[in-house]
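The values are calculated or read from the model by the stated rules, or taken from the named source; none is laboratory data. Note that the structure is a prediction, hence the values are computed from the model and not measured. Cβ placement follows ideal geometry from the backbone for every residue including glycine, while neighbour counts extend to all protein chains displayed. We work out accessible area using only protein heavy atoms, side chains counted, and drop any ligands, DNA or RNA first. Shrake-Rupley method; radii C 1.70, N 1.55, O 1.52, S 1.80 Å.
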Amino acid sequence: GARSDPTLSAWVALALDAAGVDAAALRRGPTTLGAYLARQEPELVTDIELQLMARAALGLDTDALAKALRAEMHRSGRIGPRLNSTIWGILALRAAGEPAPKRAVRYLRRHQDKSGGFSFVAKGPPDTNDTAAAIQALRAAGFRARAKPIKRALRFIARARKGTGGYPLVPGKSP
């Protein structure tokens, strides 16, 4: 009986699409998931990115959200307020069939830590979660799997792995 949540619904749309389900046609009562998401007007950069990815996965129009996201790119190449939002901005634009903005890719590469990892914020401590997303963004931007920044990031993640097989968010902590 609770209200629908656009963020959770977008994540579900991405999961269903990844599983090969025609999520755009799913309905509960008179409304489809696609129609529900198409009515949303996200304001936060990360919500725009998530909605853009979900709408692209559902085959919905992405033009307005892609334009809104491009407007959030700073002269430095940063998209939105953080390194994390830049990573997801690259992924979202690529999901919508847009080219990866070269300035954003340069910004991302400039903020790879000497350890090979990436952080949530520029110059912050690197973590496995943002590093994994950064690898995906670099691959989406056209970097080969054996490119130096990706190899360095993979080594960072490999060093963080615990004997249990799990990965902590931050090296040295529990998975």
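Just add up the charged neighbours of G172: K/R +1, D/E -1, any other residue whose Cβ is under 14 Å from the Cβ of G172.
Residues close to G172 contribute a combined charge of +3.
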> Relative to the longest principal Cα axis of the chain, at what angle does helix 148-160 sit, 0 to 90 degrees, rounded to 10?
Replying inline: 80
> Given the Cα-Cα distance of A145 and W11 and 0.36 nm per residue of separation, how much length would full extension add, in nm?
Replying inline: 45.6 nm
>> Quick check: the angle from helix 83-95's long axis to the longest principal axis of the chain, C-alpha only, nearest 10 degrees?
In response: 50
>> Using Cα-Cα distances under 8 Å and only pairs 6 or more residues apart, what relative contact order does the range 1-107 have, in percent?
In response: 23
>> Taking a ≥ b ≥ c as the square roots of the Cα gyration tensor eigenvalues, with a/c under 1.5 meaning rounded and otherwise prolate when a/b beats b/c, else oblate, which class fits the range 1-58?
In response: oblate
> Cα centroid distance between the range 100-175 and the range 1-73, in Å?
Replying inline: 26
> Can you give the relative contact order of the range 35-175 as a percent, counting alpha carbon pairs under 8 Å and 6+ residues apart?
Replying inline: 17
> In nm, what is the difference between 0.36 nm times the number of residues separating V170 and A122 and their Cα-Cα distance?
Replying inline: 15.7 nm
> Rounded to the nearest 10 Å², what accessible area does D61 show when all protein chains are kept and the probe is 1.4 Å?
Replying inline: 100
> Given a 1.4 Å probe and every protein chain left where it sits, what share in percent of the accessible area of the chain is carbon and sulfur?
Replying inline: 52
> Karplus couplings for the range 124-140 from phi (6.51 cos²θ - 1.76 cosθ + 1.60, θ = phi - 60°), rounded to Hz, Gly and Pro as x?
Replying inline: x, x, x, 9, 5, 5, 5, 5, 4, 5, 5, 4, 4, 5, 5, 5, 5
>> On C-alpha positions alone, give me the angle between the axis of helix 6-18 and the longest principal axis of the chain, in degrees, nearest 10.
In response: 80
> Mind listing which trypsin sites (Lys or Arg not before Pro) in the range 1-78 are in a DSSP loop and have 13 or fewer other Cβ atoms within 10 Å?
Replying inline: R3, R39, R75
>> Quick check on the chain: helices-only [θ] at 222 nm, where DSSP H runs of length 4 and up contribute -39,500 (n - 2.57) each and the sum goes over total residues. Nearest 500, please.
In response: -15000 deg cm²/dmol
>> Need the full-extension length gain, D61 to K114, defined as separation in residues times 0.36 nm minus the C-alpha distance. One decimal, nm.
In response: 15.1 nm
>> With +1 assigned to the C-beta of every Lys and Arg and -1 to the C-beta of every Asp and Glu, and no other charges, what is the dipole magnitude of the range 112-154 about the Cα centre in debye, to the nearest 20?
In response: 320
> Using the C-alpha atoms of the range 1-156, what convex hull volume per residue, in cubic angstrom, is computed?
Replying inline: 120
> Rounded to the nearest 0.05, what FRET efficiency is calculated for A158 and Q136 with R0 set to 25 Å and r the Cβ-Cβ distance?
Replying inline: 0.95
>> Over the chain, how many pairs of lysines fall under 23 Å by alpha carbon, counting only those 8 or more apart in sequence or from different chains?
In response: 16
>> Can you find, among L93, P81, I150, the residue sitting farthest towards the positive end of the charge dipole of the chain, where Lys and Arg contribute +1 and Asp and Glu -1 at Cβ?
In response: I150
> If you take the beta carbon distance between K102 and E41 as r and set R0 to 22 Å, what does 1/(1 + (r/R0)^6) give as a FRET efficiency, to the nearest 0.05?
Replying inline: 0.15
> What whole-number value in Å² describes the accessible area per residue of the chain for a 1.4 Å probe?
Replying inline: 57
